[in-house]
1. Name the single residue that is farthest from Cys39 (Cα to Cα) among those in the range 3-27 being open to solvent by 40 Å² or more (accessible area, probe 1.4 Å) and in contact with a Gly (Cβ under 6 Å, 6 or more places away or on another chain).
2. Given the criteria surrounded by fewer than 17 Cβ atoms within 10 Å (Cβ to Cβ), hydrophobic (A, V, I, L, M, F, W, C), assigned to a loop (DSSP other than H, G, I, E, B) and modelled with pLDDT of 95 or more, does Ala192 qualify?
3. Do you know which residues across the range 199-216 are farther than 19 Å from Trp41 by Cβ, open to solvent by 20 Å² or more (accessible area, probe 1.4 Å) and not in a helix (DSSP H, G or I)?
4. Determine whether the range 165-173 contains at least one residue that is assigned to a strand (DSSP E or B), open to solvent by less than 30 Å² (accessible area, probe 1.4 Å) and within 23 Å of Ile306 (Cα to Cα).
5. Would you check if His180 is more than 15 Å from Ala266 (Cβ to Cβ) and more than 19 Å from the chain's Cα centre (by Cα)?
6. Mind checking whether some residue in the range 38-49 is open to solvent by 20 Å² or more (accessible area, probe 1.4 Å), closer than 23 Å to Val309 by Cα, part of a strand (DSSP E or B) and charged (D, E, K, R)?
7. Could you check how many residues of the range 217-237 are touching a strand residue (DSSP E or B) at 6+ places or on another chain (Cβ under 7 Å) and part of a loop (DSSP other than H, G, I, E, B)?
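The values are calculated or read from the model by the stated rules, or taken from the named source; none is laboratory data. None of these values were measured; they are calculated from a predicted model. When we count neighbours, we look across all protein chains shown, and the Cβ atoms used for this are built from the backbone with ideal geometry, even at glycine. These accessible areas exclude ligands, DNA and RNA; they are computed on the full protein's heavy atoms, side chains included. Shrake-Rupley method; radii C 1.70, N 1.55, O 1.52, S 1.80 Å.
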Amino acid sequence: MKVTNIRYTEGGGAELVDVDVGDPGPGEVQIEVAACGICSWDLQTFRAGGDSAYAAPPGHEGIGYVAQVGAGVRGFDVGQRVAGGGFARLRNAPASRVYPIPDSDLPDHHWIVEPVSCVVTGMDLSGLRAGERLAMVGCGFMGLMMLQGLAGFGADQLIALDVDDARLRLASELGATETHNVASADFEDVKADLAGRGIDVVVDTSGAQSGLDLATDIVRRAGRINLFGWIKGTSASFNPSTWHGKGITIVNSSPGAQVRDPFPPAIRLIEKGIIRLEPLVTHVVPIREYPDFMTEVTTGKVDGYIKGVVTHAP
């Protein structure tokens, strides 16, 4: 069957293409995708092109419904809602990488599980203990989900840092005990104050050199920096004397660092409302509008963007 998918073009941009999807093979489940999140990796690939060194696949945050079950697969029923798939309307995936979604009134675009699974790994490796102080550098989609999850850890202070006042207001609503705009005129004084607070853990979700530098400045001696954001490219820098002198522990909590399968706990966090996507999914667009929408997002013409989701709605 031919279905619509996205192809990232050379040098930047994206186009709609038709792809053939056959029946699922042994051990596979065929998913009819209803919605798929737009990752920051997609944004980067749209800017850099499908021929770039770190190009994303066409979607990896899918939610859909079981359309067919391959030979030897047990535990899945046709019509069952599951996590898995990409931008294409149909996707065959190994059953081991497809996760059932419990009965829920949440719409599909609020069940984008894959990024929450990344947050689970970030939380697992944060090292935060009750009564400690934490700063979150970056309040984008991932940072605001991480903040929701860590808000229940009993931190003494949960400080949110970003360049966008609207996101900082949302951070306050989602559990931050205080917020600061790093672009404000008085932030150097704020940073000096933070550096004297004894911040035990800094989670850097910014994916920017400036975020890593800020984390280094404010974490306490013998504290921990959780490097969650991906500084995309081939190099980044740090002051080795500062890291050595302060005795900082650096933890990379990318998906490859997972210490357990993060999907089942991610599903439970969404089901229980501990991590809520409703306030974070700001834009939902049909797949046919994806190339134009991404042009608008990547050129700063979409107001209030935090998280976009592609759907296959008529």
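1. Selected residue: Pro26.
2. No; evaluated as a whole, the condition is false for this residue.
3. Asp200, the sole residue that qualifies.
4. To start, the set of residues in the range 165-173 that are assigned to a strand (DSSP E or B) comprises none.
Within the range 165-173, not a single residue is assigned to a strand (DSSP E or B), open to solvent by less than 30 Å² (accessible area, probe 1.4 Å) and within 23 Å of Ile306 (Cα to Cα).
5. Criteria met by His180.
6. No, the conditions are met nowhere in the range 38-49.
7. Initial filter on the range 217-237 (touching a strand residue (DSSP E or B) at 6+ places or on another chain (Cβ under 7 Å)): 218-220, 223-229.
If we keep only those that are part of a loop (DSSP other than H, G, I, E, B) too, we end up with 228-229.
Residues meeting the conditions: 2.
For every residue, the table says whether it meets (1) closer than 11 Å to Ile31 by Cβ; (2) out of contact with any Ser or Thr (no Cβ under 9 Å at 6 or more places or on another chain); (3) open to solvent by less than 50 Å² (accessible area, probe 1.4 Å); (4) in a helix (DSSP H, G or I).
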{"position": "Phe76", "(1), (2), (3), (4)": "yes, yes, yes, no"}
{"position": "Ala88", "(1), (2), (3), (4)": "yes, no, yes, no"}
{"position": "Ala93", "(1), (2), (3), (4)": "yes, yes, yes, no"}
{"position": "Ser104", "(1), (2), (3), (4)": "no, yes, yes, no"}
{"position": "Ser117", "(1), (2), (3), (4)": "no, yes, yes, yes"}
{"position": "Gly122", "(1), (2), (3), (4)": "no, no, yes, yes"}
{"position": "Ala130", "(1), (2), (3), (4)": "no, yes, no, no"}
